[in-house]
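Beneath this line is the structure, given in C-alpha cells, with notes to follow.
The values are calculated or read from the model by the stated rules, or taken from the named source; none is laboratory data. Given the structure is predicted, the values throughout are model-derived calculations rather than measurements. Backbone-built Cβ (ideal geometry, glycine too); neighbour counts: all protein chains shown. Side chains are part of the model used for accessible areas, which takes the heavy atoms of the whole protein and leaves out ligands, DNA and RNA. Shrake-Rupley method; radii C 1.70, N 1.55, O 1.52, S 1.80 Å.
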Amino acid sequence: MNKRKIEETFFKGLMHAATIVIVGSLFLILWTVVSKGFHAFNWDMVSKVPEGGFYIGKGGGILNAIIGSVYITVGSALLGLVISIPVVLYLNVYSKKGSRFASATRLAFDVLFGIPSIVYGAFGFTIMVFFGLKTSLLAGIITVTLLIIPILVRAMDEVVRVIPFELSDAAYSLGATRWETAKVLLRQSVPGIITALLLSFGRAIGDAACVLFTAGYTDNIPTSLHQPTATLPLAIFFQLSSPIPEVQERAYAAALILTVIVLIISIAAKYFSKKFSKNKI
Amino acid sequence: MINLAPHISVKNLNVYIGDAHILKNISIDIPDKKVTSFIGPSGCGKTTLLKTFNRLLDRQNDVRIEGQVLVDGEDLYGKDTEVTHIRKKMGLLSQRPFPLPMSIYDNIAYGPRIHGIKNKKKLNELVEHHLRSTALWDEVKDRLHSPATRLSIGQQQRLCLARGLAVEPEIILGDEPTSALDPVSTQRIEELFLQLKDKYTLVLVTHILRQARRVSDYIAFIYMGEIIEFGLTEELLLNPKEQLTKDYIKGFIS
Amino acid sequence: MNIRIVKDKAVKNIFLLLTVSSVLLVVLIFIGLYYKSVPILHSTSLSHLLFSSEWKPSKAQFGFAAFIAGTLWVTLIAIVIALPLSLLCAIYLSQYAPRRLTRFLNPLIDLLSGIPPVVYGVWGVLVVVPFIQEHVAPHFVEYSSGYSVLAGGVVLAIMIFPLIINILGEVFANVPKELSEASLSIGATQWQTIKYVLLKKSRPGIVAAVVLAISRAFGETIAVLMVCGNIPESPHSVFDSCYPLPALIANNYGEMMSVPLYDSALMFAALILFVIIFLFNAGSRIILNRLERRMN
C-alpha cells in the first residue's frame, strides 16, 4: 500500500468518525430528553394549568404554556403568511427575472433570516415601549411574526421560483393579468406553502428569546390579545432554573413535550416537501 | 476484421442507468496507436461508452455495469483493480476545457506531483516539454504562474491536453473535445491528434462526421446503445454495410 | 378602464408596499435599537463601552468588554469544534457516501437544526455541564463548575453543525463535476482530488459558511445562557464561566427599566449584535450568491 492510499484511508476514517459524532449527537440529545422527560411526565402536565404551590413542586401542569405557545405560533404564522405571500408573488410575478430590486430584496431576506431572535426580541420591546403596549399575546405574536417572515419568504420563494416559465407564459397567453397569473402560480405552490408554514411553526414554537421580552409569563390561559401569556420554551427555562428538584423534573417533561411537538412538525414538513417534489411539473 | 493488437478490449458490456439500458452488449477492440472515433446521434451512448474506459461513469448514481473492459489485458472492472493507476494511463479531454483552479504551471505539474515527482528541475522540464508538445509554450511561457482560467478557451483545451500528457498516459480519450472551440482552435487540436497517434492510442467521441473522417483511422457507429458497425474510416464512410449506417451518413438519422 | 386591469394595478401596488416595508425592517431595527442606545452613547464614550470591563449598572458603569470577550470565546470554541467535523461530514456526504446513506442522513441532520434552543440548553445542563465538571476539567484545572466557555462552545457547535453542513453541501454541489473528473482522469485519488481541487475551488464558499456560522453563534441566546455560567468577568480558560452579550440581554430584561440607563445599555448590546451579524451575513450571502451565479 502506498502513501497516497494510506492518506486517503486515514481521512476517510476521520470522515466516518465526524459523521458518527454529528449524527450521534442528535441521538444523544433525543435520548437524554426522552429518558429524563418520560420519567417526569404525567397527564396533569398537559391537561392542567399551574395550581397553588406549583413552583415549589405542588400540583398542576403547563397547559397554560402549551396553549400560549400554540396561540403565538398559529397567530404569527397566519399574520406572517398574509405578509409574505404577497412578497413572494411580487418577487416572482411582478418584478422581472434577474431584476436588481428582486435580488436586493432576496439578499435582504437572507440577512434578516440570520438576525438572531434576541435582536428581534429587543426590537419588539422598543416598539412596545414606543406604542405604549404592555407585554401581551399581541406583542408576542407581532415579534415572532417578524422573526418568521424571512423563513416564510425564503422557503416559498424557493418553491415558486422553480415553477417552469411555461406555466406563467400559458396563463399570460390566455390573456390573464399578472394578478390572475399570480393566483395560478399560488395554486401550483400550495404544498410548498404548507411546508414553509410548518417550518415557521417549528421555529416559532421553539423560540424563547423573542417572547421573553414581549409575551410575558402568566399561569392563566390568555383570553384576549392584550393579556400576557406563558410559552413552552420559557416554561422549560424558568422551571429548570428552580432549585427544587420536583420543578426541575417538570422542566424535563416540558422539554420532552416541546421536542415531540417539534419533531412531529419537522416530519410533517418533510412529508409535504417530498410529496410536492413528486408532483413537480 | 481488425487484426491489430487491441489496446482496449470491451467484452459484452452492458450499462444501465436507473432502469434505462444505455449500452447493450457492446464488444469492441480498440487498436493500439491508432485514432478510433465513436460516431452516432446524440444520446446514443457514445459518451457513456467512453466514460466506462476510465471508470468515471461509476461515480454517477444508480449506474450498473456488467461485462468486461480490458486495458492491456487487465480487467478494469475486476474486483481488486486499482482505479487510479488505470486512470493515469488515460488522458481525458472533455467537451469544455476545465482547467484546475490553479496556475498554468501547476495545472501541468499537478499530475506528476500527485504521482510523486517533487524535484523542481524535473517538474520545470516536464512543464516545458508538454507545453511545447501542445504548441502552447510560446504563448504562455511569460505567464506560467498566472491562473489558467485567464487563457482563451482554445488555449485552455490545449492546456488540458498537456495536463493529461504530463502523466505519460498511453491512451487519450476525447469527449467531443472541440465542440466548444472556434474553427482555428479546432484545427490546432486536430493537428495535435494526428501528431500524437504515433505514441498514443486515441479514442474520440464526435458528432461531426467530417472531423471523424479527418482524424481517425477507425470509426465505430453507435446507435441506440449498440455498435452497428465498426471498421476502417474510409471503408465505413464510403461503403457502409448496414442500412442504419448509410442512413446516418446521408443525414437521415440525427 | 377595464376593472381587471385596475385590480391588477392595485394588487401590484399593495404587494410592492408590503415587499418594500418588510425589507425596510432591516433599517427599522437599526433605527429602533440606535434610538434606544442614544442615552448611553451620550453618557459614556464608545471606546469605554467597548473596552472597559467595569460593569456596575447601579453606579452607571457600563463596560461591555467582559461580555464581548465571553461572546468571542464561546463563538471561537464552537467554530473550532464545529468546522472540522462539519467539513469532514460534508465531504463524506457529498463525495463518498452511497446515495442511500445520504438519503437517510440528510433528514437527520435537518432534524438537528429543528430542535429548539431551549432543548439544547436542557441537554447541555444535563449532560455537557456535569461531564465537563467531572471528567474533563479535573485534568486541567483545580475546579470548574462545568458551567463554562467549553460547555457553551460544545452546545453551540452542535447547533451550528446543520448550518455549516448544508451550506457546504451546496457549495460542493456547485463545483463542476468535470473539474473533479479532470483530476481523477490524471490518476489522482479521490482524496487528492478533494484536497487539491474541490476544497481549493470551494474556498470562498467555505469562508462564507464559516462567517455565517460565526454570526449564528454570536446571536444564540437561551442555549448558551443556560450552560455558560453567566459571571460578568473575562474568562481565563475554557473552564471558566463567561457571560456572552445575548445572555446579558436576556437575563436582565426584567430589571432594566428600574435602573437608570440600564435599558439603554442593553439595547446598545443588541445594537452591537445586530450590526456585527448584519455585516457578516450580508458579506457571506453576497459571496455565496456570486458563487452560485458563476456556476450557472
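Are there helices (runs of 4 or more DSSP H) fully within region C:50-134 with at least 3 residues that are open to solvent by less than 40 Å² (accessible area, probe 1.4 Å), within 14 Å of chain A (Cβ to nearest Cβ) and modelled with pLDDT of 95 or more? List them.
Working: elements: C:65-91, C:99-114, C:117-123.
Of the helices (runs of 4 or more DSSP H) lying wholly inside region C:50-134, those with at least 3 residues that are open to solvent by less than 40 Å² (accessible area, probe 1.4 Å), within 14 Å of chain A (Cβ to nearest Cβ) and modelled with pLDDT of 95 or more span C:65-91, C:117-123.
Taking helices (runs of 4 or more DSSP H) as the structural unit, those lying wholly within region B:85-204 and holding at least 2 residues that are modelled with pLDDT of 90 or more and in the same structural domain as B:GLY45 (by TED's automatic domain parsing) correspond to B:183-196.
Residues in region A:126-159 that are more than 20 Å from the chain's Cα centre (by Cα) and not polar (S, T, N, Q): 8 in all.
For region A:200-241, give me the residue count where each residue is part of a helix (DSSP H, G or I) and surrounded by fewer than 20 Cβ atoms within 10 Å (Cβ to Cβ).
Within region A:200-241, the subset part of a helix (DSSP H, G or I) is A:200-206, A:209-214, A:232-240.
This time we only want the ones that are surrounded by fewer than 20 Cβ atoms within 10 Å (Cβ to Cβ), so: A:238.
So the count comes out to 1.
Selection over region B:31-68 of residues that are away from chain C (no Cβ under 14 Å), under 30 Å from C:ARG103 (Cβ atoms) and among the hydrophobic types (A, V, I, L, M, F, W, C) gives a count of 2. The residue list B:ILE30, B:ILE22 contains one member that is open to solvent by less than 20 Å² (accessible area, probe 1.4 Å), modelled with pLDDT of 90 or more and part of a strand (DSSP E or B), which is B:ILE30. All conditions in (1) within 14 Å of chain B (Cβ to nearest Cβ); (2) open to solvent by less than 30 Å² (accessible area, probe 1.4 Å) hold for C:ILE160, with the sole exception of (1). Failed condition for C:LEU212, given (1) closer than 30 Å to C:VAL149 by Cα; (2) more than 10 Å from chain A (Cβ to nearest Cβ); (3) surrounded by 24 or more Cβ atoms within 10 Å (Cβ to Cβ), with all others met? Evaluating C:LEU212 over (1) closer than 30 Å to C:VAL149 by Cα; (2) more than 10 Å from chain A (Cβ to nearest Cβ); (3) surrounded by 24 or more Cβ atoms within 10 Å (Cβ to Cβ) leaves (2) as the failure.
Residues in region A:17-31 that are within 7 Å of another protein chain (Cβ to nearest Cβ) and farther than 18 Å from C:GLY124 by Cα: A:ALA18, A:THR19.
If I filter region B:19-51 down to residues being of a type in the set (Gly, Ala, Ser) and either touching a helix residue (DSSP H, G or I) at 6+ places or on another chain (Cβ under 6 Å) or in contact (Cβ under 8 Å) with a residue 40 or more places away in the chain (or both), which single residue comes out as nearest to B:LYS246 (Cα to Cα)? Steps first, answer last, please.
Just the residues of region B:19-51 that are of a type in the set (Gly, Ala, Ser), to begin with: B:20, B:27, B:37, B:40, B:42-43, B:45.
Checking the rest, the ones that are also either touching a helix residue (DSSP H, G or I) at 6+ places or on another chain (Cβ under 6 Å) or in contact (Cβ under 8 Å) with a residue 40 or more places away in the chain (or both) come to B:27, B:37, B:40, B:42, B:45.
Working: B:SER27: 21, B:SER37: 17, B:GLY40: 12, B:SER42: 17, B:GLY45: 19 Å.
Per the stated criteria, the residue is B:GLY40.
What number of residues within region A:242-261 are open to solvent by 20 Å² or more (accessible area, probe 1.4 Å), in contact (Cβ under 8 Å) with a residue 40 or more places away in the chain and away from chain C (no Cβ under 11 Å)? Here the count works out to 5.
Checked against (1) within 14 Å of chain C (Cβ to nearest Cβ); (2) among the basic types (Lys, Arg); (3) open to solvent by 40 Å² or more (accessible area, probe 1.4 Å); (4) touching an Asp or Glu at 6+ places or on another chain (Cβ under 7 Å), B:LYS89 passes all but condition (3). The set of residues in region A:215-241 being over 22 Å from the mean Cα position of the chain (by Cα) and within 11 Å of chain C (Cβ to nearest Cβ) consists of A:GLN239, A:LEU240, A:SER241.
For region B:230-254, which positions are part of a strand (DSSP E or B) and either open to solvent by less than 20 Å² (accessible area, probe 1.4 Å) or within 26 Å of B:LEU181 (Cα to Cα) (or both)? Step through it out loud before you land on a result.
To start, the set of residues in region B:230-254 that are part of a strand (DSSP E or B) comprises B:230-232.
Correct list: B:GLY231 only.
Note on region B:33-53: among residues that are among the hydroxyl-bearing types (Ser, Thr, Tyr) and assigned to a strand (DSSP E or B), the one that is surrounded by the most Cβ atoms within 10 Å (Cβ to Cβ) is B:SER37.
Screening B:ASN14 on (1) farther than 30 Å from B:TRP137 by Cα; (2) under 19 Å from the mean Cα position of the chain (by Cα); (3) at pLDDT 90 or above shows it passes everything except condition (2). Note on region A:52-83: residues that are at pLDDT 85 or above, surrounded by fewer than 19 Cβ atoms within 10 Å (Cβ to Cβ) and not β-branched (Val, Ile, Thr) total 3. Scanning region B:54-74 for residues that are within 20 Å of the chain's Cα centre (by Cα), within 25 Å of B:ASP19 (Cα to Cα) and open to solvent by less than 40 Å² (accessible area, probe 1.4 Å) gives B:ASN54, B:LEU56, B:LEU57, B:VAL69.
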